[in-house]
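Undergrad: Would you mind keeping the following structure in view while I ask a few things?
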Amino acid sequence: MLEYKGYKGKVEYIEDANILHGEVVGTRDVITFQASNVRELQRAFHDSVDDYLAFCEERGETPDKPYSGKFVVRVPEAVHRTLAEYASTEGQSINTVILEAVLDYLPKKLSDGLVHEP
């Protein structure tokens, strides 16, 4: 993974075209980059992020930031009800219960150091 200004990029090799093709992950906007060799790859990634930020500024738009900390999970109504009831009886919010469940689910090496409070 490449990282620049809080944005992360993943890269794959496209054999047919003999290029390295990358995409910024974690945003709704599509930000891509490509290079013919590893040496050029980081520069292409930085240029794409910088171009995206400049484009947003020119248009007066707020750039999409990776991983806002919000996501929607659709569950059956009965699961939602049960979750809300459980959270209430524990004196917690639904967000806190879900966060704790996710952190418990992740392998320890991934969840170590993550914020445990919503």
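Undergrad: If r is the Cβ-Cβ distance from Ala101 to Ala78 and R0 is 30 Å, what FRET efficiency results, to the nearest 0.05?
TA: 0.95
Undergrad: By how many nm would the segment from Lys109 to Gln42 lengthen if fully extended, with 0.36 nm per residue of separation less the alpha-carbon distance?
TA: Value of the extension gain: 21.4 nm.
Undergrad: Assigning unit charges at the beta carbon (Lys, Arg +1; Asp, Glu -1) and nothing else, what dipole magnitude in debye, to the nearest 20, does the chain show about its Cα centre?
TA: It comes to approximately 220 debye.
Undergrad: Okay, moving on. Just how large is the dipole of region 50-118 about the Cα centre, in debye to the nearest 20, putting +1 at every Lys and Arg Cβ and -1 at every Asp and Glu Cβ?
TA: 320
Undergrad: Mind jotting down a quarter of the surface of the convex hull over the alpha carbons of the chain, in square nanometres, one decimal?
TA: Directional mean of the projected Cα hull area for the chain stands at 11.1 nm².
Undergrad: Please check: in the Gaussian network model of the chain (C-alpha springs, under 10 Å), which one of Val75, Val38, Val24 has the largest mean-square fluctuation.
TA: Comparing Val75, Val38, Val24 in a Gaussian network model of the chain, the most mobile one is Val75.
Undergrad: I've got another one for you. Percent of Cα-Cα pairs per 10 Å bin, from 0 to the last occupied bin, for region 2-59, please list those.
TA: 24, 54, 20, 2
Undergrad: Continuing with this model, one more query. With unit charges on the beta carbon (Lys/Arg positive, Asp/Glu negative), name the residue among Ala87, His46, Val75 whose Cα is farthest towards the positive pole of the charge dipole of the chain.
TA: Ala87
Undergrad: Looking only at Gly91, Gly26, Gly60, which one moves most when the chain is put into a Gaussian network model with springs between Cα atoms under 10 Å?
TA: Residue with maximal mean-square fluctuation among Gly91, Gly26, Gly60: Gly91.
Undergrad: 222 nm [θ] for the chain, helices only, -39500 (n - 2.57) per DSSP H run of 4+, per residue, to 500?
TA: So the helix-based figure for the chain works out to -14000 deg cm²/dmol.
Undergrad: Something else now. Quote to one decimal, in nm, the extra length available between Lys10 and Arg59 on full extension: 0.36 nm per residue of separation minus the C-alpha distance between them.
TA: Extra length available between Lys10 and Arg59 comes to 15.0 nm.
Any read-out appearing in this document is the output of simple, stated calculations on the displayed coordinates, not a laboratory observation. A quick note: this is a predicted structure, and the numbers were derived from the prediction, not measured. Don't worry about glycine lacking a Cβ; one is built from the backbone with ideal geometry, like all the others, and counts go over all protein chains shown.
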